[in-house]
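> Take this structure first; my questions come after.
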Amino acid sequence: MHLVHQSLPEAALSEVDLASSLGGVALGAPVLINAMTGGADGVTAINRDLALAARELGLPMALGSQSAGLKEPETRDSYRVVRQVNPDGIILANVSAGTGLAVARQAIEMVEADLLQVHLNAPQEIVMREGDRDFGGQVEAIAALVEGLSVPVIVKECGFGLSQETARQLHAVGVRAIDLSGRGGTNFAWIEAERGGTTQDPGLLNWGIP
């Protein structure tokens, strides 16, 4: 992101207010510790330390995908630690786009979340050996979450950007906050290719909208 310098700001520094909101939830500043990890060995400490930073700085924090925690109860402490460390903080639960209403509620309840983050990551899934191959019905599933949940729903990409067409699809089903997460940061297709020992470029290593 490049900010364009304006030589005539016509404002006083005392008038600057960083207060913002996310899905209708008030924030002290437009800064978020975004989805990182959870559900694996050794990551509880990472989430604990991130939650401590969020508490000290008054920042909201999004969890990594809770798929593992929803399937494997023994991994749930790696997510719950965030609420334990930061009981009054703003926490975002995190599920994949095809998640049903009942499972999404479990994810929210697991961490007493204030918002739900629904992630879109088709390129990453395609490169993952164990990843999804069917992405049908996701818009309908997101619509059900927006209508059926008591917390705001934020839809985020995972490093490949959101097109105008996708944004319009989401708006049409009631989504009012999106995380663009465009190309230029972490490339999860590359990470999965490295993790899986894939030597052939699947055409996704430079994929996405900046």
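The values are calculated or read from the model by the stated rules, or taken from the named source; none is laboratory data. Nothing here was measured: the structure is a model prediction, and the numbers come from that model. With ideal geometry, Cβ positions are generated from the backbone for all residues, glycine too; neighbour counts draw on all protein chains shown. Please note that ligands, DNA and RNA were not included when accessible areas were found on the heavy atoms of the full protein model with its side chains. Shrake-Rupley method; radii C 1.70, N 1.55, O 1.52, S 1.80 Å.
> Does VAL151 count as open to solvent by 20 Å² or more (accessible area, probe 1.4 Å), modelled with pLDDT of 95 or more and more than 16 Å from the chain's Cα centre (by Cα)? It would help to see each step written out before you state the result.
On the way: open to solvent by 20 Å² or more (accessible area, probe 1.4 Å): yes; modelled with pLDDT of 95 or more: yes; more than 16 Å from the chain's Cα centre (by Cα): no.
It is false that VAL151 is open to solvent by 20 Å² or more (accessible area, probe 1.4 Å), modelled with pLDDT of 95 or more and more than 16 Å from the chain's Cα centre (by Cα).
> State which residue pairs qualify: first residue polar (S, T, N, Q) and inside region 23-37, second residue open to solvent by 60 Å² or more (accessible area, probe 1.4 Å) in any location, beta carbons under 7 Å apart, and separation of 6 or more residues or different chains.
Partner pairs satisfying both residue conditions: THR37/ILE46.
> Based on what the data block shows, is ARG55 outside any loop (DSSP other than H, G, I, E, B), charged (D, E, K, R) and in contact with a Gly (Cβ under 8 Å, 6 or more places away or on another chain)?
The answer is yes for ARG55.
> Could you list all residues from region 92-107 that are crowded, with 22+ Cβ neighbours inside 10 Å and among the aliphatic types (A, V, I, L, M)?
Scanning region 92-107 gives LEU92, ALA93, VAL95, ALA104, ALA107.
> Now for a separate question. Using the structure shown, decide if GLU157 is within 18 Å of the chain's Cα centre (by Cα) and of a type outside the set (S, T, N, Q).
Working: within 18 Å of the chain's Cα centre (by Cα): yes; of a type outside the set (S, T, N, Q): yes.
Yes, satisfied.
> Can you run down the residue pairs with Cβ atoms below 7 Å, 6 or more apart or on separate chains, where the first is in region 56-77 and closer than 21 Å to GLN124 by Cβ and open to solvent by 80 Å² or more (accessible area, probe 1.4 Å) and the partner is at pLDDT 95 or above and among the polar types (S, T, N, Q)?
Note: no pairs meet the criteria.
A quick yes/no check of all residues on (1) closer than 30 Å to GLU147 by Cβ; (2) among the charged types (D, E, K, R); (3) in contact with a helix residue (DSSP H, G or I) (Cβ under 8 Å, 6 or more places away or on another chain):
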site: GLU10; (1), (2), (3): no, yes, no
site: LEU18; (1), (2), (3): no, no, no
site: GLY28; (1), (2), (3): yes, no, no
site: GLY38; (1), (2), (3): yes, no, yes
site: THR44; (1), (2), (3): no, no, yes
site: LEU50; (1), (2), (3): no, no, yes
site: GLY58; (1), (2), (3): no, no, no
site: GLU109; (1), (2), (3): yes, yes, no
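> Related question: Could you list, in sequence order, the residues of region 106-124 that are in contact (Cβ under 8 Å) with a residue 12 or more places away in the chain and either among the acidic types (Asp, Glu) or assigned to a helix (DSSP H, G or I) (or both)? Write out each step before concluding.
Let us first name the residues in region 106-124 that are in contact (Cβ under 8 Å) with a residue 12 or more places away in the chain, namely 106-108, 110-124.
Within region 106-124, GLN106, ALA107, ILE108, MET110, VAL111, GLU112, ASP114, ALA122, PRO123, GLN124 qualify.
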